[in-house]
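The values are calculated or read from the model by the stated rules, or taken from the named source; none is laboratory data. Since the model is a prediction, treat every value here as computed from it, not as a measurement. For neighbour counting, all protein chains shown are included, and Cβ atoms are generated from backbone atoms with ideal geometry for every residue, glycine included. SASA here: full protein model, heavy atoms, side chains in, ligands and nucleic acids out. Shrake-Rupley method; radii C 1.70, N 1.55, O 1.52, S 1.80 Å.
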Amino acid sequence: MDFETVIGLEVHVQLSTASKVFCGCGTLFGEAANTQTCPVCLGLPGSLPVLNKEAFRKAIKAALALNCEIAEITKFDRKHYFYPDLPKNFQISQFDMPFSRDGQLEIIIEEGIKRIGITRVHLEEDAGKLMHMADGDNSLVDFNRAGTPLLEIVSEPDMSSPEEAYAYLTELKAVMEYIEVSDCDMEKGSLRCDANISLRPRGTAGLGAKVEIKNMNSFKAVRAALQYEVNRQHDLLADGKTVVQETRLWDADGLYTTPMRGKEESHDYRYFPEPDLPLFEISRQMVADIRSGLPEMPARRRERFVSEYRLSEYDAGVLTQDKALADYFEEVLVDYNNPKMVANWLMGDILAYLSATNMTITEVKMTPQSLAKALKLQEDGVISGKIQKQILPVLLKEGKDPEAYVKEAGLAQISDEDELSRIVERVIAANPASVQSYREGKEKALGFLVGGVMKETRGKANPQLVNQLLKERLDTSNT
Amino acid sequence: MPISTEDIRYVAFLARITFAPEELKRFATQLETILEYIEQLEELDVSDVRPTTHVLPVKNVLRKDEKRESLSSEAVMKNAPSKQNAFFKVPRIIQDK
């Protein structure tokens, strides 16, 4: 039987604020254990939570960016469970009156654009962090993270492949970064994802037994875990077996999922209204203000890059994924208006440099103005593309002025015909075998000779001119 | 609303407390009486009343996003039954793998 895959994602995004969501403790990552804690986030008796205005505003901003309806009135609820990372034994979250619902996010898939529904976005507090000790008997708890503002973004089960889930996460991250509500750093846990996945006979409407997958630490892990689950569930169903509804953990080393143990009771969170926080009314004026402050979203910017700069969908997609990169690109264009050329260098050598050095475009020393200058030098024939490749890493690393650096390092292209002719003569004299091959009709031999000239000039010779000079020389004389 | 000893056992489990068998029976009877008493409220027509989650007419209490001083390490750990360095120490509860 043919099955189709149904995937829904639950994403948690930490909002970047100076203080926690219900108290004044700091939210920095990597501070000494338990130094960012107070009676409120430690859940000491008698303490009272007060909502952080900026966290609330950023939450609404995120929901608007995901095209959600913003509620007129919202309330917080207590979600009860026992776990050592939860000091109060309940988490302040939102149950039946989340501040937003019914949004959507456009993702790009092979067939074009697909809209993924957003069921709801709500605001809650993060839990602390547990470290399991090597002795196997104990765990250590650090409550620094407890109380960090956390957005829960629940999607509709609208994704039908692990690839679509991956595209959704990439787009969601881009949106969150564009609106500057979170640093979305998965390594720091600022963005986390759980997935729900089930299979059903193709064309049917019901949902099959749903498996929740946890413990995925990267988008690639989400994709791999989902693919593993598709295969596992498919094999079970094809054999006439049933899929058990359960929570499974992704094992990133072994690349498989296993049932999560010690959780056999179904959850009974006993939600009830948080009596310590009043209701919150969200004025339409506030919604309008936040909405008007939203920047151009990645999807719109991508479309604009295609229509305005004539870039391919793919190039526009890569460049707009990262807001800083897209900003950089447009800044280069101010001084050097050749979008295709700028895109090629950015997506080629410069992205390769960033990934090799594990840096972002904002961390490199080369300004957009300086890249524009370097590309102009190439266009004017002052340097060759080959030299461009050589100098970019230096500019990126040291932030030198391209013109001065080319001069100082003697890298300007040799376009002087007399000088090149002399070198051509030398190379021809030194390589009689290649000259012979060329004259016997082996075009390839010319490339070898061009290489010889480039070697002599340490890559500075104007390649078109070298080609031309060599051909003239070889085609006209027989010496 | 009849309350069984099983109901009591379940609620006790959620609260991580254990009762003796005779307590289970006693609490089942008591809880049933309490719930019956509260059920009298069902006689009222509340179709026009909005569910009350808070009794005080207070709303939109917010604070500025300003960092304030946290507790000292000594104060944080003062009541900890078990600790290791700056961490709270707890029995491990989930065995992964």
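In whole percent, how big is the carbon plus sulfur part of the accessible area of region A:349-412, probe 1.4 Å, protein atoms only?
On the way: 1710 of 3240 Å².
Result for region A:349-412: 53 percent of the exposed heavy-atom area is carbon or sulfur.
Between residue A:270 and residue A:416, how many nm apart are label points set 7 Å from Cα along the C-beta direction?
Each label point is offset 7 Å from its Cα along the Cβ direction, giving 8.9 nm.
Could you work out [θ]222 nm for chain A from helices alone, using -39500 (n - 2.57) per DSSP H run of at least four and dividing by all its residues? Round to the nearest 500 deg cm²/dmol. Show your work: numbers first, answer last.
On the way: 16 runs with 189 residues, N = 479.
My calculation for chain A gives -12000 deg cm²/dmol from helical runs alone.
With 10 Å bins from zero, work out the P(r) of region A:296-408 over every alpha carbon pair and list the percent per bin.
Final binned percentages: 14, 49, 30, 6, 0.
Binned at 5 Å from 0, what are the whole-percent values of the Cα-Cα distance distribution for region A:364-434, short to long?
Calculated P(r), rounded to whole percents: 3, 16, 23, 18, 12, 9, 8, 7, 3, 0.
For region A:386-403 and region B:6-24, compute the distance between their C-alpha centroids and round to whole Å.
A separation of 72 Å, based on Cα centres.
Exceeding 18 Å between C-alpha atoms, which entries from my cross-link table qualify? They are A:365/A:389; A:323/A:376; A:386/A:407; A:61/A:188; A:376/A:455.
A:323/A:376; A:61/A:188; A:376/A:455
Roughly how many Å is it from the Cα centre of region A:346-384 to that of region A:234-312, as a whole number?
Their Cα centres are 36 Å away from one another.
Starting from the Cα of residue A:367, move 7 Å in the Cα-to-Cβ direction to define the label point; list residues of region A:326-348 whose amide nitrogen is under 16 Å from there.
Zone members listed by number: A:328-336.
Say R0 is 56 Å: what FRET efficiency, to the nearest 0.05, do residue B:4 and residue A:104 get from their beta-carbon distance? Kindly include the intermediate steps, with their values, before the conclusion.
Details: r = 46 Å, r/R0 = 0.82.
Once rounded, the FRET efficiency stands at 0.75.
Expressed as a whole percentage, what fraction of the accessible surface of region A:3-289 belongs to carbon and sulfur atoms when a 1.4 Å probe is rolled over the protein heavy atoms?
Values: 5910 of 11880 Å².
The nonpolar share, carbon plus sulfur, comes to 50 percent.
Need the full-extension length gain, residue A:53 to residue A:253, defined as separation in residues times 0.36 nm minus the C-alpha distance. One decimal, nm.
Numbers: separation 200, 0.36 × 200 = 72.00 nm, distance 4.13 nm.
Net length gain for the segment: 67.9 nm.
Could you please state, rounded to a whole Å, how far the C-alpha centre of region A:445-479 is from the C-alpha centre of region A:84-148?
63 Å
Shape of the protein assembly as shown from its Cα gyration tensor (a ≥ b ≥ c, root eigenvalues): rounded if a/c is under 1.5, otherwise prolate when a/b > b/c, or oblate?
On the way: a/c = 2.52, a/b = 2.25, b/c = 1.12.
Prolate, since a/c reaches 1.5 and a/b exceeds b/c.
Need one number: buried accessible surface between chains B and A, 1.4 Å probe, both sides summed, DNA, RNA and ligands left out, in Å² to 100.
Details: alone 10330 and 24090 Å², together 30330 Å².
The B and A chains share an interface burying roughly 4100 Å².
Could you please state how large a percent of the accessible area of chain B is carbon and sulfur, counting protein chains only and using a 1.4 Å probe?
Taking all protein chains in place, chain B shows 57 percent carbon and sulfur surface.
With the crude spin-label approximation of a point 7 Å out along Cα→Cβ, what separation in nm comes out for residue A:443 versus residue A:285?
Distance between label points: 7.4 nm.
Calculate the spin-label point distance for residue A:292 paired with residue A:183, positioning each point 7 Å from the Cα along the beta-carbon direction, and give it in nanometres.
Spacing of the two 7 Å Cα→Cβ label points: 3.2 nm.
Given a cut-off of 29 Å, name the pairs among A:20/B:83; A:58/B:59; A:58/B:83; A:173/A:340; A:53/A:214 whose C-alpha atoms lie farther apart than that in the structure shown. Please report the intermediate quantities before stating the final value.
Details: A:20/B:83 24 Å; A:58/B:59 19 Å; A:58/B:83 36 Å; A:173/A:340 26 Å; A:53/A:214 31 Å.
Over 29 Å Cα-Cα: A:58/B:83; A:53/A:214.
Classify chain B as rounded, prolate or oblate from the Cα gyration tensor: take a ≥ b ≥ c as the square roots of its eigenvalues, call it rounded if a/c is under 1.5, otherwise prolate when a/b beats b/c and oblate if not.
Oblate, because a/c is 1.5 or more while a/b does not exceed b/c.
Give the dimensionless ratio obtained when the Cα radius of gyration of region A:417-476 is divided by 2.2 N^0.38 Å.
On the way: Rg = 10.3 Å, N = 60, 2.2 N^0.38 = 10.4 Å.
Compactness ratio reported: 0.98.
Send over a whole-number figure in Å² for the accessible area per residue of the protein assembly as shown, probe 1.4 Å.
Values: 30330 Å² over 576 residues.
Result: 53 Å² per residue.
Using Cα positions and a limit of under 15 Å, work out the aspartates and glutamates in reach of residue A:220, with same-chain residues fewer than 8 apart set aside.
A:163, A:164, A:171, A:185, A:187, A:194, A:229, A:251, A:253
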